[in-house]
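J.: For reference, the structure I am asking about is given below.
Just so it is clear, none of the values below were taken in a lab; they were calculated from the coordinates. Quick caveat: nothing in here was measured; it's all calculated off a predicted structure. So basically every Cβ, Gly included, is an ideal-geometry build from the backbone, and we count neighbours across all protein chains shown.
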Amino acid sequence: MPEVKVTTRRKSTAKKESKPSVDTTRIAVVGIPASGKTTYFRFLSGHFGLNLPILYIPARADNGSLPLFGDLENDVALEETTYETTDPTDPEGSLETTTRYYVNRPMEDRRKLWVELSAGRDEQGILTKYPLPTKFNQFVEMKMRFRYAAPEGESGSRPMELSTVDEAGGIIADYFTYDRLWLDSAEGEVSEKTCRVIPHFDSWRPDRRDLWKRGLTLLGRFVCGADAIILLLSPGLPSLRDQAQQVNLARGVFRYTHARNLPLVIAISKADKLKEFYGEVEQSVRERTFRSSFDPVDFLLRRDGAGMGTILVAQEGRGISTKSDVFLISSAVSTGEGHPLFIGETGDEAPSAGSVTMGVPVMVNTTLPLARACERILERRATKES
Amino acid sequence: MQTEAESAPPLPSRERNVLLLDLSKSMLAPLPDPQGGGPERQKIEVARTAVFRILQDSAQTGNLFGLVTFTETVRVPVPLGEIHRENLPYIENLISLLAPSGRSAIWDALGVGADLLRMGTNGVQGNLVLVTDGWDNASTRFETRGEPNGKASEGKVDLTPYILPAHSRVTLRIIGIGSGDERDKGVDAAHMNQLVGQLTQRAVELGLPPAFSFQMVSTGSQLFAQMVNAFLDVGYEDDRPIEELHPEELAHHAANAARALKEPQQHATVSRIKNAQAAGRSAGADSYSEAPEIEVDFLASGPGGPPAYLKERYGPLGEVVEAYLAGHYDHALELIQKTQGFLPSVTRLYWEARIQYARRAVVEAARALLQAWTEAEKLPANTQAPILRRLAVLQARMQNDKETETLVRFIDETEHHLANRDPKTRERLMDLFAKLMELRGTYQLTRLAGEGDLQDAALKHEAAVEEVFSLLQDARLDLSTEGASVEGALDFIEICLAEMR
């Protein structure tokens with residue numbers, strides 16, 4: 001049985017195990033808290049040959065073959081660095097970092113500990129949130145390395161990196177919402193003074209303020225060098241404050257990508273929450289030739305899904321197309337009661353109760369936004385070169 | 001070479017008010033007050049109450065205030081200056097000790113009042129209010145002359161050019177108590193009218209706006225109403241102050257308010273409210289109105305019940321409000337109907353509407369409110385905006401329009417909270433509210449535009465939203481230390497902006 005291990009390595013001995021190429025293409029994933037960033041990364045890691053059996057519904061017309069695969073030249077597929085204040089009650093708020101690596105095969109160096117994604121699903125267990133209480137005293141930098149086939153490229157693929165600051169949807173929302181925070185260079189730093197543009201910032205505890213400032217700086221630096229952005233939008237936010245936060249973030253991301261002429265792809269996450277669409281997913285499970293007719297553009301523009309109607313219309317012609325840059329995704333279609341929907345070999349729903357659950361989780365279009373972002377980066381490059 | 005305009009001292013940025021109060025012995029006499037039904041009050045008592053009220057207003061608005069009292073001697077108990085809230089008890093105590101005695105040196109008092117407002121080559125700058133019940137019988141320095149070029153008494157100065165030198169910008173309001181047909185029975189109406197006439201004529205000659213009036217009052221209520229030309233309102237029973245709201249409740253309020261902006265057809269009242277600054281600008285900086293300014297005050301109802309001493313603080317209007325808050329609507333209606341003639345029409349009609357609404361007499365309430373809107377339109381721009389908002393809240397209540405009520409209440413409460421703040425902060429926030437209101441137009445176009453024009457309309461709306469958001473960010477950075485009221489207002493605007501999508 002493969003070993004599944006978790007590493008804890010302190011900042012003082014930090015040394016990159018991964019081998020990012022200098023000309024790595026970088027794509028930033030952004031979204032408000034609970035928009036699905038963690039799940040998006042985890043399940044994409046699964047997609048890259050990391051032994052997570054999954055079923056994509058509805059498949060693309062080209063039989064679902066997308067030229068996305070794990071970075072085989074690099075042992076580390078996913079890297080997570082946790083930044084945390086050691087003692088939330090300590091007003092000095094000293095900060096420590098911990099890095100964990102998700103790898104494709106067992107590592108020889110036993111002194112380092114790894115989360116091995118090549119483990120079978122049973123051994124691997126369900127990857128959930130981080131072991132410490134989060135939100136206020138930590139955030140996690142996530143980097144996933146993969147390759148996208150460039151049809152005309154000499155090597156057939158290019159090194160790519162997907163990044164986000166996880167457990168930090170609030171930081172992301174603030175950064176994009178308030179353009180006074182934006183950094184102009186990868187060495188820039190968000191100052192305490194400009195942080196005051198964030199509502200009530202001065203009333204926060206000092207350690208939280210410091211952590212937030214660091215998170216904003218980290219995010220600012222990596223989006224400064226990003227080649228494309230994927231914006232995750234959640235369609236089912238019960239809280240008005242969350243809805244307002246999401247709309248402000250979206251407006252900020254549009255402003256940001258427009259000002260820097262960056263490709264932008266929108267992923268409507270948690271698509272299983274759209275009841276109408278979910279009905280079509282069920283039909284797809286029963287009838288594999290069925291193609292969903294759910295129209296995300298119609299949903300967003302005419303039925304004001306996620307409150308994006310007017311904003312999206314305004315962006316048409318300013319760098320995005322609602323027809324080709326907006327996708328529905330769901331990392332784990334639910335049975336409706338919080339349990340993942342599994343289908344068995346026959347294509348029928350597998351029983352989720354009982355001793356052993358057989359079947360594969362049903363997912364929707366999870367890889368499409370990433371593939372589209374890669375396509376758009378390559379299109380952009382091709383246009384520049386010509 | 002310097003021109004005169006370049007060498008002149010700067011004009012005042014804040015309002016400068018000087019009250020000239022008669023303390024001659026006759027001020028101890030009672031004034032009839034048939035409306036109140038209670039014991040008659042001495043003229044000096046009514047005047048003192050009004051002075052307290054004026055002082056409170058000055059402390060709130062930051063305007064400069066000075067008090068001149070006169071018997072045969074002229075004194076300056078409160079020199080012209082800013083009234084600080086912490087000093088109010090001392091000043092009020094001082095005023096309570098002012099005891100009438102002796103004769104009246106009215107012209108000398110006017111001369112001293114003008115001196116307090118004098119600003120070098122800019123002449124006299126500010127507002128004079130004279131309250132007197134008598135005839136001048138003790139002035140030694142000044143006099144008024146029967147004719148413009150009339151003969152001067154020995155050693156006395158002609159008051160008219162002294163009050164109104166070139167480049168001045170002065171108003172004079174004379175409130176005369178009692179009928180002055182007979183000497184010592186009331187104000188010297190003939191001389192007062194003569195003075196107003198001479199000042200008006202001189203103003204015309206100098207090309208200055210004429211702003212001088214004489215008004216006689218014969219009851220305590222009338223005296224109070226003339227001294228404190230007030231519009232008073234109190235909160236509703238179910239009001240909750242904005243600062244007590246949970247953030248999620250605040251978000252719900254803001255989302256509700258945004259609906260009033262997004263659906264103008266269903267929320268027509270919103271189009272009637274105006275921003276004070278915007279209204280002031282459109283009226284022009286040099287506009288002049290003969291209509292007296294109205295003091296607007298809003299008393300939020302607190303957990304301890306109705307505010308205390310309403311009658312003492314606000315005179316007859318306070319008495320109406322007291323009866324209303326006690327649930328004695330019929331009595332309140334009776335009282336408000338007796339105020340015709342001395343309360344500003346807009347105040348009287350508003351309260352009539354509010355009382356009728358409380359009595360469930362909806363038709364009468366709507367009729368009175370409609371008349372109040374008409375009266376409000378006649379008011380000077382700077383006092384109009386807060387009154388229009390109070391009318392809008394009542395109208396929204398009557399129409400069960402929660403969205404409009406929430407929006408207007410928030411703007412109103414914010415302005416109220418900011419009353420003691422730096423005027424620039426206040427203006428900046430109210431400007432943001434005004435810009436938020438303007439988004440109604442661009443948003444509406446995105447709903448009305450045809451397929452082809454939709455993108456253009458959406459682009460314009462998004463650009464307008466971005467512009468307001470940019471101003472909001474600057475305000476956040478500049479006003480980060482201004483406290484909860486400012487933060488709350490900015491949060492509200494931010495959520496409304498997110499809702500305008």
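J.: Need the full-extension length gain, B:Asn137 to B:Glu237, defined as separation in residues times 0.36 nm minus the C-alpha distance. One decimal, nm.
T.: 30.7 nm
J.: Students often get this wrong, so check it: of A:Lys270/B:Lys435; A:Lys273/A:Lys323; B:Lys378/B:Lys460; A:Lys143/A:Lys275; B:Lys402/B:Lys435, which have C-alpha atoms separated by over 24 Å?
T.: Among A:Lys270/B:Lys435; A:Lys273/A:Lys323; B:Lys378/B:Lys460; A:Lys143/A:Lys275; B:Lys402/B:Lys435, the Cα-Cα distance tops 24 Å for A:Lys270/B:Lys435; B:Lys378/B:Lys460; A:Lys143/A:Lys275.
J.: Further question: Determine the sum of side-chain charges near B:Ala255: Lys and Arg each +1, Asp and Glu each -1, restricted to other residues whose C-beta is under 13 angstrom from that of B:Ala255.
T.: So the surrounding residues net to -3.
J.: Neighbouring Cβ atoms within 10 Å as the yardstick, rank B:Tyr324, A:Tyr278 fewest first.
T.: A:Tyr278, B:Tyr324
J.: Testing the spin-label approximation: label points 7 Å from Cα along Cα→Cβ at B:Arg447 and B:Asp422. State their distance in nm.
T.: 3.8
J.: While we're looking at this one, here's another question. Among A:Lys143, A:Lys273, A:Lys193, which comes first, then next, by fewest other beta-carbon atoms within 10 Å?
T.: A:Lys193, A:Lys273, A:Lys143
J.: Give me a comma-separated list of calculated 3J(HN,Hα) values for region A:264-279, in order, Karplus coefficients 6.51, -1.76, 1.60 applied at θ = phi - 60°, integers in Hz, x for any Gly or Pro.
T.: 10, 10, 10, 10, 7, 7, 6, 4, 5, 7, 7, 4, 4, 5, 4, x
J.: With the Cα gyration tensor of region B:207-248 in hand, give its eigenvalues times 5 under a square root as the equivalent ellipsoid semi-axes, listed largest first in whole angstrom.
T.: 41, 19, 5
J.: In nm, to one decimal, how far is the B:Gln266 label point from the A:Thr383 one, both placed 7 Å along Cα→Cβ?
T.: 4.1
J.: I'd like the distance separating the alpha-carbon centroids of region B:327-350 and region B:408-451, in whole Å.
T.: 32
J.: Could you list which residues have their amide H under 5 Å from that of B:Leu299, counting only those 5 or more apart in sequence or on another chain, with H placed in the peptide plane?
T.: Sorted by chain and number, the residues that satisfy this are B:Asp233, B:Val234, B:Gly235.
J.: So what are region B:4-227's ellipsoid semi-axes, whole angstrom, largest first, if each one is the square root of 5 times an eigenvalue of the alpha-carbon gyration tensor?
T.: The answer is 27, 23, 15 Å, longest axis first.
J.: Another one. State to the nearest 20 debye the size of the charge dipole of region B:4-227 about its Cα centre, where the only charges are +1 on K and R beta carbons and -1 on D and E beta carbons.
T.: Using only the charged Cβ atoms, the result is roughly 140 debye.
J.: Taking 0.36 nm per intervening residue step and subtracting the Cα-Cα distance, what contour gain separates B:Lys378 from B:His84 on full extension?
T.: Separation in residues times 0.36 nm, less the Cα-Cα distance, equals 102.6 nm.
J.: Sticking with this one: Given bins 20 angstrom wide, list per bin the percent of all Cα-Cα distances in chain B, short to long.
T.: Histogramming chain B at 20 Å steps yields 21, 50, 26, 4, 0 percent.
J.: If R₀ is 56 angstrom, what is the calculated FRET efficiency for the pair B:Val362 and B:Glu205, using the beta carbon separation as r and rounding to 0.05?
T.: Efficiency computed from Cβ-Cβ geometry: 0.55.
J.: Let me ask something else about it. Under the rule of at least 5 residues apart or a separate chain, name every residue whose amide H is placed under 5 Å from the amide H of B:Gly126.
T.: When sequence neighbours closer than 5 places are left aside, the close amide H contacts are B:Arg169, B:Val170, B:Thr171.
J.: Hey, another quick one. Order these by the 10 Å Cβ neighbour count, fewest first: B:Val320, A:Val140.
T.: Listed from fewest to most nearby Cβ atoms, that is A:Val140, B:Val320.
J.: Any idea what angle helix B:362-377 forms with the longest principal axis of chain B, computed on alpha-carbon atoms, 0 to 90 degrees, nearest 10?
T.: With both axes taken from Cα atoms, the answer is about 70 degrees.
J.: At what distance in nm do the modelled label points of A:Val297 and A:Lys323 sit from each other, each positioned 7 Å from its Cα along Cα→Cβ?
T.: So the two model labels end up 0.5 nm from each other.
J.: Another question, if that's okay. If you take the beta carbon distance between B:Leu245 and A:Ser185 as r and set R0 to 60 Å, what does 1/(1 + (r/R0)^6) give as a FRET efficiency, to the nearest 0.05?
T.: Efficiency, rounded to the nearest 0.05: 0.90.
J.: Counting helices only, and only those DSSP H runs with n ≥ 4, report the 222 nm mean residue ellipticity of chain B as the sum of -39,500 (n - 2.57) divided by its residues, in deg cm²/dmol to the nearest 500.
T.: Helix-only estimate at 222 nm: -16500 deg cm²/dmol.
J.: Between A:Ala259 and B:Asn400, what's the calculated FRET efficiency when r is the beta-carbon distance and R0 is 51 Å? Round to 0.05.
T.: 0.70
J.: Under the definition of Cα pairs under 8 Å and six or more residues apart, what whole-number percent is the relative contact order of chain B?
T.: Relative contact order of chain B: 13 percent.
J.: Okay, moving on. Can you say what percent of the DSSP beta bridges in chain B, counting only those with both residues inside, are antiparallel? Round to 5.
T.: 20
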